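For reference, the structure discussed in these notes is given below.
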Amino acid sequence: MNKIYENDSYIKECDTVITDVQTTDDGTYISLRDSIFFPKEGGQYADTGCVTLGAYEFEILDGQIENHSSDSVVDITNNNANHSSSLPDGIWYRIDFSGSYKKQNAKLPALSDILVTNSEIRCFLDYDKRYDRMQNHTGEHILTGTVHNDYGYNNVGFHLSDDGLVTLDLDGPLTYEQIMEEEAKANSVVYSNLSIKASYPSKEELKDIEYRSKIEIEGQVRLITIGDDDNPVDICACCAPHVARTGEVGIIKVISIVNWKGGVRIGILCGRRALEYINHRQDIIMGLTGLMTTNEDNLLSRVRGQMEEIKELKAKLSGALESDIVSRIEKGDSDIERTHLVFTDADFPAAPMKNIYNVLKSRYPGYVGIFAGSDTEGYRYLAGSKDIDSKSLIPILNKIGAKGGGSSDMIQGRVNASKSDIERLFTGIKHA
Ligand SMILES: [Zn+2]
């Protein structure tokens, strides 16, 4: 097959001929004389697009390489779920009627009746998706290249998904500051607008060339060189389509850094995908500055100030709630006098609950308790007694499904029961 995508990554349309058709459990596959569709390979998903044959319109859903004689094709996209090993060696494209064509035509012929060997077709690449991948893949080469030049590390796991981050796994440690320095260097390579070329050296020539991803590959090795041949920024063995000049990458932005197997996994975004990410973040920041009625520069200190204020207000509120309940106890509130229990809201803080428990305990003999919650949500509780071992209350509370534990002074836990059931249980104990 003539791999047009390898020689010119900017070709969006071509006329060609179907060289074979295979029907498997996964669907219908075609092979082509010439192709603008990059198949799934080397950490990158397959190109998608559209094919026309006469009045018929089809969709290229996937593309894959079959090579049964060799295990050297390493697919790190982990997307082998639909991989059909029943296909002969070669490059295969999974194809179906396009969605719009299906909609227009209620009664469709069998694919195998139309898609036959030697059919002349016209191919259209989903170029926006491809260009986004080209920007991000080239950006990955540039950043990995600068890291390799400075630290000698390699990218041992590359993943280019269509939504979310492009990840590269570097096989050595880097600090945040070191990565930011490499990001700046990589972006300088973008500004320099260097050329990016593919070459196909012979086995003999390869021996004398220093390049990344130098592993034994069966067949022809394709090298991607960034910069001048006599002073390249990076050379890497790679099968995927790239942009022609580094300036097209636009921006290389490191978004995430996590330690990974003794090295570091870096998530990046380049080109249009980075712009969309920045726009999304900008929307969030604009929303926040509006809410906090401040500008971007003061946003962090404003949020910190508000959090501090909330903390103080919560402390004040909890003090007020506590003294309100304590004064009810001291005034001899009839419900509390009758049950020796206090009921309060679900969001009642833990510290005043403990204080109220102690006030109840010193005032009343027998079991006392404080329950925070509602009949529908259930209750958190602190309970016990000053003159009986508090732990003796555990089996009693278990009768209404309570969970918890504690010491002789106090037990605590949760119970999903109604207020009246809890009151009945406690008053029942006292009268027994
Ligand atoms: Zn690559």
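Just so it is clear, none of the values below were taken in a lab; they were calculated from the coordinates. These numbers were taken from a predicted model, which means no experiment stands behind them. Note that we place each Cβ from the backbone using ideal geometry, even for glycine, and neighbour counts take in every protein chain shown.
Some points to look at:
- In this simple spin-label model, placing a label point 7 Å from the Cα along the Cα-to-Cβ direction at both residue 184 and residue 259 gives a separation of 2.5 nm.
- Close amide H contacts of residue 194 (hydrogens built in the peptide plane, cut-off under 5 Å, sequence separation of 5 or more or a different chain): 246, 247.
- In units of the rule-of-thumb radius 2.2 N^0.38 Å, the range 206-257 shows an alpha carbon radius of gyration of 1.34.
- Dividing the convex hull volume of the alpha carbon atoms of the range 145-267 by its residue count gives 119 Å³ per residue.
- Comparing 223, 275, 195 along the charge dipole axis of the range 130-282, the residue lying farthest to the positive side is 275, per the Cβ-charge model.
- Average Cα contact separation per residue, the range 323-431, under 8 Å, 6 or more apart, as relative contact order %: 22 percent
- Other residues whose C-beta falls under 13 angstrom from the C-beta of residue 306 contribute a net charge of +1, scoring Lys and Arg +1 and Asp and Glu -1.
- Considering only the chain, percent of DSSP beta bridges that pair antiparallel, nearest 5: 90 percent
- Percent RCO, i.e. relative contact order, over the chain, from Cα pairs under 8 Å lying at least 6 residues apart: 11 percent
- Assuming charge only on the beta carbon of Lys and Arg (+1) and of Asp and Glu (-1), the dipole of the range 130-282 about its Cα centre is about 460 debye to the nearest 20.
- If the chain linking residue 299 and residue 218 were pulled fully straight, counting 0.36 nm for each residue of separation and taking away their Cα-Cα distance, it would gain 23.5 nm.
- Charge-dipole axis of the chain as Lys and Arg at +1 and Asp and Glu at -1 on Cβ define it, positive-most pick from 325, 23, 121: 325
- Cα-Cα P(r), the chain, percent of pairs per 10 Å interval: 4, 16, 18, 13, 10, 11, 12, 11, 5, 1
- Relative contact order, percent, the range 130-282 [alpha-carbon distance under 8 Å, six or more residues apart]: 31 percent
- Put simply, the convex hull of the Cα atoms in the range 2-125 casts, on average, a shadow of 7.8 nm².
- For the chain, leaving out every one of the trypsin sites (Lys or Arg not before Pro) that falls in a DSSP loop and has at most 11 other Cβ atoms within 10 Å, the longest unbroken run is 108-260.
- Each residue of the range 333-347 is assigned a 3J(HN,Hα), and the resulting list reads 3, 5, 4, 5, 4, 6, 9, 6, 10, 10, 10, 9, 6, 4, 8 Hz, derived from the Karplus form 6.51 cos²θ - 1.76 cosθ + 1.60 (θ = phi - 60°), x at Gly and Pro.
- Rounded to the nearest Hz, the phi-derived 3J(HN,Hα) couplings of the range 199-214 under the Karplus curve 6.51 cos²θ - 1.76 cosθ + 1.60 (θ = phi - 60°) are 9, 10, x, 6, 4, 5, 4, 4, 4, 9, 9, 8, 8, 7, 6, 7, where x marks glycine and proline.
- Taking Cα centre as origin and charging only the Cβ of basic (Lys, Arg, +1) and acidic (Asp, Glu, -1) residues, the dipole magnitude of the chain rounds to 2500 debye.
- Angle between the chain longest axis and helix 127-151 axis [Cα atoms, degrees, rounded to 10]: 80 degrees
- The range 261-307 gives an Rg/Rh value of 1.18, both radii derived from C-alpha positions and Rh following Kirkwood.
- Estimated translational D of the range 323-431 in µm²/s (Stokes, Kirkwood radius over Cα pairs; 20 °C; 1.002 mPa s): 158 µm²/s
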